[in-house]
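Following: one structure in structure tokens, then a few remarks.
Derivation of every value follows stated rules applied to the coordinates shown; laboratory data play no part. For clarity, every value in this text was computed on a predicted model and none was experimentally measured. Cβ atoms come from the backbone with ideal geometry, glycine included; neighbour counts cover every protein chain shown.
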Amino acid sequence: MIELLAIAVIVGMLWVIGSVVGLVFKLVFGLIGGLFGLLAGAIGLFIGGLVMLLILPVIALSLLPVCLPALFLFGLVWVIVHAVRRPATLPASR
């Protein structure tokens with residue numbers, strides 16, 4: 001009976017040691033993977049920003065014919081409003 005208890009204790013200790021080793025591996029690789037993920041995200045944001053800086057003017061110019069009527073309308077309203085408005089009068093000094 002003592003031999004069975006000794007075997008159970010040894011197997012239990014090996015199980016606990018294996019679990020702790022697995023926990024350490026999982027923690028270390030999780031942290032390393034998280035750091036690589038953060039680095040990849042930062043590089044992706046940088047490259048995405050550069051691509052946006054290069055592509056955004058092309059997209060704006062390609063959408064100009066669609067927006068041109070609205071721009072003309074806003075410009076016409078602006079000209080009418082500023083043409084009708086009288087200049088501000090200064091208060092008379094005493």
Practice task
Provide the gained length on full extension for the span L4 to I43, in nm with one decimal, where the gain is 0.36 nm per separating residue minus the Cα-Cα distance.
Solution key: 8.3 nm
Handout entry: Cα long-axis angle, helix 2-84 against the chain (0 to 90 degrees, to the nearest 10)
Key = 10 degrees
Practice task
Translational diffusion coefficient, Stokes-Einstein: compute it for the chain using the Kirkwood radius over C-alpha pairs as Rh, at 25 °C and 0.890 mPa s, and state it as an integer in µm² s⁻¹.
Solution key: 113 µm²/s
Problem - Label-point gap, in nm, between V16 and V77 - each point 7 angstrom along Cα→Cβ - result: 7.7 nm
Exercise for the section: Calculate, in nm to one decimal, what L64 and L31 gain on full extension: separation in residues at 0.36 nm each, minus their alpha carbon distance. Expected result: 7.1 nm
